[in-house]
Every structure is written in structure tokens, then in C-alpha cells.
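The values are calculated or read from the model by the stated rules, or taken from the named source; none is laboratory data. What you see is a predicted model; the values in this text were computed from it and never measured. Heads up, the Cβs are rebuilt from the backbone with ideal geometry, glycines too, and the neighbour counts pull from every protein chain shown.
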């Protein structure tokens, strides 16, 4: 039914375009038009489609919750919990689809009938109201066209409005992120104190398994369960290992590409290195788990070291390789944009190329390089799949790279994989971790971007 | 130290520095080579599948059918092929004990019933005769045949027993073990059995997600870029939008997964595990990438084009839609493809919105539960069975193929259609 209404709106809007254009050509025979005939068509089509579609969309969004409200209003006085009401409503819905296999009660049957009834009313009233709005607005636009009013300006204002709304999508996404993270996090901190979360030393979310809702509200259940210190430490530790791999290789190859490499080498090697950035992270994760982890373990055994098969070193090392191209490309750009006269001055003083790079170009490019490294760090902190697959999932507080540790992102995946229950502190803990991840990466990005921007301005 | 020696030292330092640079590039390239070699060498065997060709006697008595009359399709469909299969397997070793019969059965994929039935349905003439039928080998034997399983370790640490290997070797000597192109890898949905698992369901899941992502992200991003570049007044609000877009581009992908979970699933109540939700989540993620690319190519259109159009009496909107946007389209499209390639390889956000469920049907619409190719890689990589390792690598090869294909497409569009302004 929904798609039928939608298609009807689209078809009517399309046909009214041709209708409007034809009308304009008719008017043209005895009057001067205010715009090209196609604008008359657009004008009519917009008035035909836009209001009806808006109403249709709003109706479709709000209909389920309104129907739900009416059905459940019969039971609101019985003092049922939110969860029980939800369950009841799901039962009613499945019964109305004839898919219900549980115990039938008179209440349930009555509600299911009522539900079907409401859905029927809602469906038909939707059709009638949307179509009548469509006819009314088209009629209004038609009289306007017939009076030969301006059509181009309203059409362009409408389009501009659509453009503006599209540009809000980015803001809406940010608001959506903040809203969804904050909302769950606040609920989480009503059960667990902020202090315990930020300074607690033990992270065992599996312990927070609750059997029913009454237990979930008991804070003593969660003492020593959601201490995020091991997670934060693990995150920064793995990021540190990654940067130990990525900074030397990335920076040196960036410098070589910018200062030494022949045109041919640049032409071929640069895109090939950038392939590393395009490989999906899950593929790196598989490689780390299948090849690097066992390799390090065997290597450790032959050296007499105890290496866990899922070590921080394997995950961090592979992550570092993933980050190489970010650092090498960005530092390449930054170094290339250092003005030539700085180099010439240094050469004129008799410095070798490497001395020039180390003493003149590197200091001059330092802010930009720091910016690129910060962006790399933010990548490393936000990286998920490599850690999930190659490092452990248990949150150990350790500084030994040969043991397994866990990160913010990995814990979010561990908690949220499979079925989640909203309102459970475990689920909310994932959102709290997500919020801290969001804040850390946001700060890193803002700092990095502003550093790079300042640097660019300096030499432009 | 005299002047000469100092110069030599300095030149040595120069050489050393250059060597470090070369070594760094070499290491990065080396890793790429090792990585690709590893994936290809473990993965290529998955494109072959091992079959056992065994003589099957479609005897009427064994199938409990009437021997005098040709069975109809319905008769065959109703017939019990399990017992029939077991009887057939016993012919491989007539002296087999009870346990050994079970081992014989385990040499074949559990779909042997269906395979025997379909053979008879396709070749009704073979009823009552003994014919050679091709049956899928179990993944353990498949791995043995491909040489991925060492045979020299003690029996209790092996998945294939000595007895199975003995029968298998005998079949092999008779030329009854054949290896053919593994079409089912591309046509089957996921399965718990490695020999039957395929990527069709996850491929369709990826395809639907990417289509949803494209149909949302491309128009919205293009219009947003047009607004910001061509119409927006320079004020604080547009600056804010710009900062927002730049930051959004660097937000970790898993946060978008949390957004999808917390808003799309929990607030809007969209169906879990579906490519629809996956596509919307990915579209939010690729939106900033496409906006940035589109803005860059709009910026690259020289002002003279706009001025010429305006001078001819076109309105601002007409100038934009007829001249600026078409000229900026190639750059925007190649940015879109790169954004989509990123989205295609994304795993973490899809796991959070539940696209990690085990799906053994091929989804027909974006509203059906599905996995996606990267998630399939994750699911198989977490599975303990040896047979899945080559599947993971093969799946990675398929994914990398699409990524390379998309990136080349983006390059092609850029080089072929983009106007270079001087």
C-alpha cells in the first residue's frame, strides 16, 4: 500500500509537469510568459508532489507509535512495566499477522482485532488525506499558473531550500551521533559512577549479566565491573605500537618521495603504497591473526619468550602498516610545500641534501608533520577490526607487548555483537566507551586539522 | 679530524640517510607483496572443489519404488535417499563395520541426499542402472586433497581418519577423485559446512547496502556541496557546517555503527541485520567524503564559466545546474566511487547493527537480513574449521577485486572526463 501511494505521488507529480508546461504553451498564444514553459511545469509538479510527499512521510513515521499508543492505552492503568507492555504489543502484532504461537488470551485477541481495525482506518485515511492534499495543492498551483504569475523564482527558492536542507545532513549526523551516545551514556552513569568508570582498574562486562529488570538497578551488581582504565591503557598502548611502526617508515618514505625519488619512482611507488590505505581493515585483521600472530609466537618460542598468539604487538604492528600511507602521503605533501628558496639557501651554504632535510626542511615542515602524525594516531585509536581479530578480547592491564590487551573499539564490538538489550548497563557501557572514543578522536582531529591549516597558511 | 675526513663523513651520512628512505619504501612495498602473496596462496585453492565420483546403483528396491514402472518426479521427490545413500557408501567397502559406515558417510558433504536425488531427477533413465555420480567431498577430504592438511601427524590430531584416507586413496587411484571449478562458492549462501559455504548471500548484502548508500549519499552530498560552494552566504553558520563535515570525515567508523544502533534501530525501529540499515549507516559515513570531493571539483570550475552564463542572462540556479555542476560531475563521481569503495570494505559499523547474523538464504530485497562481504570474512575468520581459512582468503580476493575495479573506475572517470583548466 505504501509503495502504491508513493508511486502515485511520483506519477502524478511527473504528469503535472507536462500538464503545467502544456498550459504555459497555451497561455503563450495570447499573453507573454513570465518564465520558460518548463518552469510552469516544475512549479505545478512541486506543488503537486512536495506537500503530499511531506505529509506521507510524516504520517508513515508517526503512524506506528500512534497506533501503539491507542492499543496500549487500554492497559496503561494496570501498572505494567515498559518491558511487559512491549512484549504484549509484539504479541498483538504477531497475532494480527497470524504468526503467533503462544497462549491465546481474550485480551490479546481483542487487542489484535483492534490493532487490525486501527491499521485499516489508518491506511485508508492516509490514502484519502494525502490524495486530497495533493489535489488541493495542485489546484491552488493551477490557478496561480492560469493567472500567469511568476514561476521561476518560487521554483528556484524551493530548489535552494532543498540544497540547504541537504547541507544540514552533516550537522544532523553529528547531532545524531552526540544524541545517541550521550543519551545512553547518561543512563549508564546513573548506575555506575563516573569516578568508577574513569579510574576503575577492572573491566569485566560479562559479569554484569542481569536476569531481570529489578536486578539491573542494583548498583552493587556492578562494583569493579566497569573500570575503563585497562581499556584506555590498552587503546593507547596499541596505538603507540602502531605509531612506532608507522612513524619511522611513513616519515622516511615520505621524505624520500618528496626529496630524492625520481619522477618514475614517485609515479609508481606512491600509488602502490597508497594501496595499503585502501585495503579493508578486516583483511588486515585476518592477516594479523592468521600470519603475524603465529609468526611472532614461533619467533618468541625460538628466543625463549612467552608470546601470546593474540598479542598487542601483532595487532599494533599490522595497524602501523595500515597507517604508513596516511603519514607518508601527508608528510610528502607537507614537505613538497616547503618553499624552494629555503632549500636553495641551505645548498648555497654548502649543506648536503640530507643535512638540508634534517636541519632546514624538517623543522620548517614540523607542524604539518605533527598534524599528519596526530591524524594517524586518531586512526589508530579508532581502528576496530584489527584489534578485534588479532588482539585479545580480555582487558588486561599490561605494558608487555607480547601479551594480549583490548581497546575501546574492540570492547564496543564484544559487547554489542549479537542481540543487545537497551536499558542494560552493559549495552550502555558500550555507548559510554563510544562517547569517550568520539571525544578523543574529535579533539585529535581538531588539533591536527588546525595545525595543518596554520602551517599551510604560513607558506601560501 | 681534517677537512677531507669530515667531508667523507658527511657524504657517508648522506648515503645512509638515502638508504633509510629507500629501506622505508622497500619495507612498505615488501609488506604489500608478502600480504598479497599470503592471501593468494591460501585463497586460490578455494576456487577448486573436490568431488568424489562413486558408482551408484539406482536400484528400485533400495529406493522402495516400483521396479516395473518408471517413477514420476513426485515419486522421486518422496523417496528416502538417506538410507539409499548409506547403502551406496557401503559398496565402497563391503566389509565396513558400523563405525566405519559412519566414517564413510562423513567423507561426503551432508547434502549427499539432495545430490543423489537431483541426479536421478535430471537423468531419469538411470533408474534401475548403476551409474557414476559426482558427490561433494567433505571439507576435511577437500583439504587433504588440496594438500592443506598434513597427513603425517598422529591420527587423533587429524580430522580425517586413517580409514577415510585409505578409502580416499583407493578412490583417487581409480581416478574417482576430481577437482573442478567451485561454482557453489559463488552461488551458495553461507553454511556451517565449509565445503558448502558460499558468498552469494553476503555479496547480495554488500550490493544492496552499497546501492542504498549510493542512492542516499550521492544526491544529498552533491546538493550539499552545491549549496555550500555556490549559494551559501559566508557566515558563522556555514563555517560551522564546514568544520562539521571535516570532523565527520575523521570520526572512527565504529561510532557510525553506534549511531545506526542507537538511532536507526532503537528510535526509528528499522529492521535489524538488513542492508537497508547498513546502507543508511554507510551513507552517513561516506557523506563527508563525497561532499569534500564534490566541493573540490566545484571549486576547480573557473569563475569565467559562471560569469559567461550569468552574462548571457541565466539565473544563478540555471548557471549552477546547466554549467557548473555538469563540469564538476566527473570529479564528484570519482570521489563518490572512492567513498563507496571505502564503504564496501567497512565491517565494524555493520557488525553493530546486526549484519553479522548467520544467513543461509540469499536476500532478495534490502529488507531481508544479510551479511556483507567484509562481515563474511570476519565470520569465517572467527570459525575454527580449517576449511574456512581458504574461504576467507578467497572472499578477500573477491572483495579486493571489487575494490581495485572501483578504484580503477574512479581513475578512469577522472582522466577521461575531467576537464583540466589552466
Which one of these is closer than 25 Å to residue A:4 by Cβ and at pLDDT 85 or above: A:133, A:159?
A:133
Matching option when the condition is in a helix (DSSP H, G or I), away from every other protein chain (no Cβ under 11 Å) and under 30 Å from residue B:136 (Cβ atoms), among B:207, B:196, B:214:
B:207
Whether any residue in the stretch A:138-161 is without any contact (Cβ under 8 Å) to a residue 40 or more places away in the chain, outside any helix (DSSP H, G or I) and either more than 14 Å from chain B (Cβ to nearest Cβ) or surrounded by 17 or more Cβ atoms within 10 Å (Cβ to Cβ) (or both) is what I want to check.
yes
For residue B:354, all conditions in the list (1) within 9 Å of chain A (Cβ to nearest Cβ); (2) in contact with a helix residue (DSSP H, G or I) (Cβ under 7 Å, 6 or more places away or on another chain); (3) part of a loop (DSSP other than H, G, I, E, B) hold save one; what is the number of the exception?
(2)
The lone exception for residue B:240 - which of (1) closer than 30 Å to residue B:361 by Cβ; (2) out of contact with any strand residue (DSSP E or B) (no Cβ under 8 Å at 6 or more places or on another chain) it fails:
(1)
Would you mind finding the one in A:324, A:335 that is within 9 Å of another protein chain (Cβ to nearest Cβ), in contact with a helix residue (DSSP H, G or I) (Cβ under 8 Å, 6 or more places away or on another chain) and within 20 Å of residue A:368 (Cβ to Cβ)?
A:324
Output the residues belonging to the stretch A:255-289 that are within 27 Å of the chain's Cα centre (by Cα), facing another protein chain (nearest Cβ under 7 Å) and within 27 Å of residue A:366 (Cβ to Cβ).
A:273, A:276
Tally time: how many residues in the stretch B:131-164 are surrounded by 13 or more Cβ atoms within 10 Å (Cβ to Cβ) and not in a loop (DSSP other than H, G, I, E, B)?
16
Residues that are in the same structural domain as residue A:310 (by TED's automatic domain parsing) and modelled with pLDDT of 85 or more: list the helices (runs of 4 or more DSSP H) wholly contained in the stretch A:180-284 that include at least 2 such residues.
A:229-255, A:263-278
When you go through A:311, A:302 one by one, which is the residue that is on the phi < 0 side of the Ramachandran plot and crowded, with 19+ Cβ neighbours inside 10 Å?
A:311
Within the stretch B:222-233, is there a residue that is over 25 Å from residue A:386 (Cβ atoms), more than 8 Å from every other protein chain (Cβ to nearest Cβ), outside any helix (DSSP H, G or I) and over 29 Å from the mean Cα position of the chain (by Cα)?
yes
Residues of the stretch B:266-319 satisfying the condition of being over 27 Å from residue B:337 (Cα atoms), touching a residue at least 12 places away in the same chain (Cβ under 8 Å) and within 9 Å of chain A (Cβ to nearest Cβ)
B:316
